[in-house]
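To start, the structure under review is shown below, and the notes come after it.
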Amino acid sequence: SDAICNFVICNDSSLHNQPIIFNPDFFVEKLRHEKPEVFTELVVSNITRLIDLPGTELAQLMGEEDPKLPGANSTASGFFRSLMSLKRKEKGVVFGSPLTEEGIAQVSQLIEYLHKNLRAEGLFRVPGNSIRQQILKDALNSGTDIDLDSGEFHSNDVATLLKMFLGELPEPLLTHKHFHAHLKIADLTLFDEKGNKTSTPDKERQIEALQLLFLILPAPNRSLLKLLLDLLYQTAKKQDKNKMSAHNLALMFAPHILWPRNVTANDLQENITKLNNGVTFMIKHSQKLFKAPVYIRECARLHYLGSRPHTSKDDLDLLTSPGPKELQPVKSQKRSRLDPCHQEETQQRTEEALKELFRHVHNMPDSAKKKKLIRQFNKHPTVLTPGSEIPVSPAPRRTRSRSFSGLIKRKVLGTPVILERKSRDATPEPERVSKENVYLLQKCGSPAHMSQAKLKSLEGQKEESCRRMRAHLLSKDSSSL
């Protein structure tokens, strides 16, 4: 089932040498596009596991109610709020319009150019030339490609125009629906899992919550946010040249990507620090925030390849947490709960299957394979039940060696020898073996390794020794006489 993710079959010979791109979030994206309601329910259920969202805020996150934002009911109308609302009435193809893929394609030219010019001191803080910015803005609105490398524009012009584009969107890049969720995520650094205040920030839980929240952003917002945070991350890495740290960049971009529209600093009051710190955290950990958590990937995979439609992280932890040793008592309990009748029926089926298997082996023609199988049955006598009707044929014994040397060895060791004269070539057993033969056998080694010529030579040596002994005795007797 995992072959869908692991292999790509390509019949185009021109692409065989090209690298295969493996997307670990394949099933996540598939679920997002094919079943958005199921996907949203899966993600939101895990978000509420990490942060506390009351009924109203949860309904706002789900889009069931209009978000209640700070400053929305305020009667104060400042110059800043009026100016920003007037700017947004002048809508163009890109600037001031809802975010679209076309707008992202145009703005990506600015981001690509800034990646090459990150060493400019005070980037995103020092404003550019207003005339050059207007020329560049008109070109982007008209949909034309711009040669930013021609030297006509400065990196500060491009950086300021990028902030202007984000500030003129009808709603912040992180959307109004997600505003209260971001406030709660910022509090994760102040509390532990049990809800107690702590001085040690829980970065992993904050990263996990942002990963989940970014999954339910609209696709254009998520695409542009990824491009933007990656740019800011690379900018902060060169802060020794441009003097722009992650915190300084957050101060520049938080009002454009996170603050609700038409609000002032007075409307946010104590939440400004929290929001700025939240954007700082996003910049520092941007390389981890656009990957779906592992359990979300597994849930999406199970939705298509498994039997369960979707699962929460807690359910997956319960499935994977117990080890093999912990599961053994559970398995034994399940066995003990089986119906005795069912156990007896299973036993009968097993016995019948074993008998049938042995009948098959017994009826096989004589061969080395049959002998091998029978030996295996003999090694495990419990394989056949006591009620087995077919006896096990004994394995044939090996015939003992009837060579001359073997007979001598058995005679010397005192083993009785019983010969059955069934063949013509059987060698008769010698009546007795002399002490001299025993001595020669012990001296020269095992008779099994002697040749016929050697045995003859030994017999000759024996006769020669006897002749010398008789000569010696005769000479002794003659001398005594």
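The values are calculated or read from the model by the stated rules, or taken from the named source; none is laboratory data. Quick caveat, the model's predicted, so the values are computed rather than measured. Cβ sites come from the backbone with ideal geometry, for glycine too, and all protein chains shown count toward neighbours. Surface areas here come from the heavy atoms of the whole protein model, side chains and all, with no ligands, DNA or RNA. Shrake-Rupley method; radii C 1.70, N 1.55, O 1.52, S 1.80 Å.
Considering the range 1-50, the residues that are modelled with pLDDT under 80 and of a type in the set (Phe, Trp, Tyr) include one that is farthest from the chain's Cα centre (by Cα), namely Phe7. For the range 156-208, the set of residues classified as modelled with pLDDT of 80 or more, more than 24 Å from Leu99 (Cα to Cα) and among the small types (Gly, Ala, Ser) consists of Ala186 only.
Reported count of residues in the range 32-58, each being farther than 20 Å from Leu210 by Cβ and either in contact with a Pro (Cβ under 9 Å, 6 or more places away or on another chain) or surrounded by 19 or more Cβ atoms within 10 Å (Cβ to Cβ) (or both), is 1.
Could you identify the single residue in Lys184, Lys177, Lys163 that is surrounded by 14 or more Cβ atoms within 10 Å (Cβ to Cβ), under 30 Å from Gln60 (Cβ atoms) and in contact with a Pro (Cβ under 7 Å, 6 or more places away or on another chain)? If you could, list the steps in order and put the result at the bottom.
Numbers: Lys184 fails: in contact with a Pro (Cβ under 7 Å, 6 or more places away or on another chain); Lys163 fails: in contact with a Pro (Cβ under 7 Å, 6 or more places away or on another chain).
Residue meeting the stated conditions: Lys177.
Scanning for something among the small types (Gly, Ala, Ser) and open to solvent by less than 30 Å² (accessible area, probe 1.4 Å), does the range 220-229 turn up at least one residue? Within the range 220-229 (the criterion being among the small types (Gly, Ala, Ser) and open to solvent by less than 30 Å² (accessible area, probe 1.4 Å)), the answer is no, since none of the residues qualifies. Take the range 146-166 and flag every residue that is more than 17 Å from His115 (Cβ to Cβ) and of a type in the set (Asp, Glu). The answer is Glu152, and nothing else.
Results for (1) within 19 Å of Leu227 (Cα to Cα); (2) among the hydrophobic types (A, V, I, L, M, F, W, C), shown as yes or no for each residue.
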position	(1), (2)
Ile135	no, yes
Asp138	no, no
Ser142	no, no
Leu148	yes, yes
His154	no, no
Leu161	yes, yes
Met164	yes, yes
Glu168	yes, no
Leu174	yes, yes
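The lone criterion from (1) hydrophobic (A, V, I, L, M, F, W, C); (2) in a loop (DSSP other than H, G, I, E, B); (3) at pLDDT 90 or above left unmet by Leu53 is number (3). Conditions first: (1) in a loop (DSSP other than H, G, I, E, B); (2) touching a Phe, Trp or Tyr at 6+ places or on another chain (Cβ under 9 Å). Ala250 passes all but one, so which condition is the exception? So the condition that Ala250 fails would be (1).
Which of the residues belonging to the range 277-292 are outside any loop (DSSP other than H, G, I, E, B) and either buried (at least 18 other Cβ atoms within 10 Å of the Cβ) or charged (D, E, K, R) (or both)?
Correct list: Gly278, Val279, Thr280, Phe281, Met282, Ile283, Lys284.
Just one of the listed residues (Ile146, Ile111) is part of a loop (DSSP other than H, G, I, E, B), among the hydrophobic types (A, V, I, L, M, F, W, C), in contact (Cβ under 8 Å) with a residue 12 or more places away in the chain and out of contact with any Cys (no Cβ under 6 Å at 6 or more places or on another chain), and it is Ile146. Beta carbons closer than 8 Å, at least 6 apart along the sequence or on distinct chains, pair a first residue in the range 164-181 that is assigned to a loop (DSSP other than H, G, I, E, B) with a second that is open to solvent by 10 Å² or more (accessible area, probe 1.4 Å) and among the aromatic types (Phe, Trp, Tyr) for Pro172/Trp259.
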